[in-house]
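A short write-up of the structure that comes next.
The values are calculated or read from the model by the stated rules, or taken from the named source; none is laboratory data. Everything numeric here is computed off the predicted structure, so don't read it as measured data. With ideal geometry, Cβ positions are generated from the backbone for all residues, glycine too; neighbour counts draw on all protein chains shown.
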Amino acid sequence: MASEGHARLQVGIIGCGIAGLSAAIALSRAGHDVEVYERSTFSNETGAAIILGPNATRVLTRWGFDAEKAGGLDFCQMRRIKADTLELDSEQKFSNIKEKYGDRMLLLHRADLHTGIMSIVEALPEPKPKIHLGSAVKDMEPEQGSIILENGSTVSKDLVIVADGSHSRLIPRITGSEAPVIRLPMSMYRFLQPISDIMDRPEAAQFYKDQQPGFSTFYKAAVGKPGHLLNTYPCRRGFHPAVKAICEGATDVKVYNQMYRNPIETFVKRRAVLVGDAAHLMLPTHGQGASSAIEDAMALEVLLKGVSSDQVVDRLQLFNELRLPRVRAVQTFSNKMMGPPDKMIQEVKQYFSGPIPAAGSKTFGPEFVDFFLSYDVKKAAEQLLKV
């Protein structure tokens, strides 16, 4: 925690999702007064499974996150199975993750992660962050640090954290230009089922019996006419009955459109900073969206610990220097995974000077795993301050 004796910053955070709550923890630990403004009356995190790599769990562990209470499971393997023949196409084991990277790689339900992070907020010493539900933000002024609420009132802050997610309307206030969301012609159908229900169906159970926690992807290659979108569903012809059996009894099925943004030019302007999906919306191909948001928060904790109001602008420039190149690399690797790997790597080299996977590396191979999981944002931020 920050030492006493400094002038505490007045911090306003827009958004109460994973990014916003993580920032609230970080800035409170850094010794500042935090208020969070959330549009909804109760922030319901939607989504199904979420992955957190050691690059994020190291941060959460430091904050006191209870992975067991949140229902976290170690992510031990990833399998890709042909949905028509059940042939195992590829398999990757994740062993000795904690020993190699210093913490666990977790599978969690997104809502449970949100609840677990909220528990950290509630356990912080006074003055705790104040969360204002039903407080929609209309606009933000980065020069003076003003937040304009939809009810017409304005609050003035030393620092404004924009954490309002993938549909943020405030990005142009930071960058000076629009950052359109790019939607892929592809959606995901997601639902949750108790494993006990699946294990009661022998055809479905065969994929999970005696298996460690992880992801099993069932795919069926499909070829459509140029310019036409071809959707395939497990209920359609060509899917093995065992794959269909997994989907039996599915309830509350949700459709998620895959979307991302191209990397933006800056995360900061004067007294305001973008974090989380508002800053770096990416495809879930490497499971780095939430992890990057938590990294953002830890960077803010280190860089803003004990600082005064007149230091905010300079320290946010350091945040930009630290986070922008790294996150642009993570975004590019996540968003362009399906393209030629060597072309993707060459693009990253244009704005990231750190070590990256060599040309010819497999996009889910050990080189990429190491790039994502070995990064220590706290250490990187501390080294930047020393410079």
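Selection of region 60-98 for residues being among the polar types (S, T, N, Q), in a strand (DSSP E or B) and loosely packed, with under 14 Cβ neighbours inside 10 Å yields only S90.
Filter region 62-111 for residues that are among the small types (G, A, S) and in contact with an Asp or Glu (Cβ under 6 Å, 6 or more places away or on another chain) and give the result. Correct list: A70, G71, A111.
Among the residues of region 34-48, is there at least one that is in the same structural domain as V312 (by TED's automatic domain parsing), part of a loop (DSSP other than H, G, I, E, B) and surrounded by 23 or more Cβ atoms within 10 Å (Cβ to Cβ)?
Keep residues of region 34-48 that are in the same structural domain as V312 (by TED's automatic domain parsing), which gives 34-48.
After this cut, where a residue has to be part of a loop (DSSP other than H, G, I, E, B) as well, the list is 39-48.
Among the residues that remain, those that are also surrounded by 23 or more Cβ atoms within 10 Å (Cβ to Cβ) are: none.
The answer is no; no qualifying residue exists.
Is there a residue in region 306-316 that is hydroxyl-bearing (S, T, Y), in the same structural domain as G165 (by TED's automatic domain parsing), assigned to a helix (DSSP H, G or I) and at pLDDT 95 or above? Within region 306-316 (the criterion being hydroxyl-bearing (S, T, Y), in the same structural domain as G165 (by TED's automatic domain parsing), assigned to a helix (DSSP H, G or I) and at pLDDT 95 or above), the answer is yes, since at least one residue qualifies.
Name the single residue, out of those in region 96-146 being β-branched (V, I, T) and under 19 Å from the mean Cα position of the chain (by Cα), that is modelled with the lowest pLDDT. Restricting to residues being β-branched (V, I, T) and under 19 Å from the mean Cα position of the chain (by Cα), the top hit is T115. When every residue of region 364-383 is checked against the conditions, at least one turns out to be over 15 Å from the mean Cα position of the chain (by Cα) and of a type in the set (S, T, N, Q).
Here is a yes/no grid of residues against (1) of a type in the set (S, T, Y); (2) within 16 Å of Q10 (Cβ to Cβ); (3) touching a helix residue (DSSP H, G or I) at 6+ places or on another chain (Cβ under 7 Å):
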site: G134; (1), (2), (3): no, no, no
site: D139; (1), (2), (3): no, no, no
site: S146; (1), (2), (3): yes, yes, no
site: D158; (1), (2), (3): no, yes, yes
site: R173; (1), (2), (3): no, no, no
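Hey, could you check region 276-318 for residues that are within 20 Å of L385 (Cα to Cα) and among the β-branched types (V, I, T) and say which is surrounded by the most Cβ atoms within 10 Å (Cβ to Cβ)? Applying the filter and picking the extreme gives I294. D112 - would you say it is assigned by TED's automatic domain parsing to the domain that holds R29, surrounded by 13 or more Cβ atoms within 10 Å (Cβ to Cβ) and not in a strand (DSSP E or B)? The answer is yes for D112. Of the residues that sit in region 345-374 and are polar (S, T, N, Q) and within 15 Å of Q288 (Cβ to Cβ), which one is modelled with the lowest pLDDT? It comes out as T363. Within region 262-281, the set of residues being part of a loop (DSSP other than H, G, I, E, B) and over 17 Å from R315 (Cα atoms) comprises N262, P263, I264, E265, G276, L281.
Remark: pairs (first residue in region 353-369, in contact (Cβ under 8 Å) with a residue 60 or more places away in the chain and among the basic types (K, R); second residue in a loop (DSSP other than H, G, I, E, B) and loosely packed, with under 12 Cβ neighbours inside 10 Å; Cβ separation under 8 Å; 6+ apart in sequence or on different chains) are absent. A count restricted to region 178-194 and to residues that are without any contact (Cβ under 8 Å) to a residue 60 or more places away in the chain and loosely packed, with under 12 Cβ neighbours inside 10 Å stands at 3.
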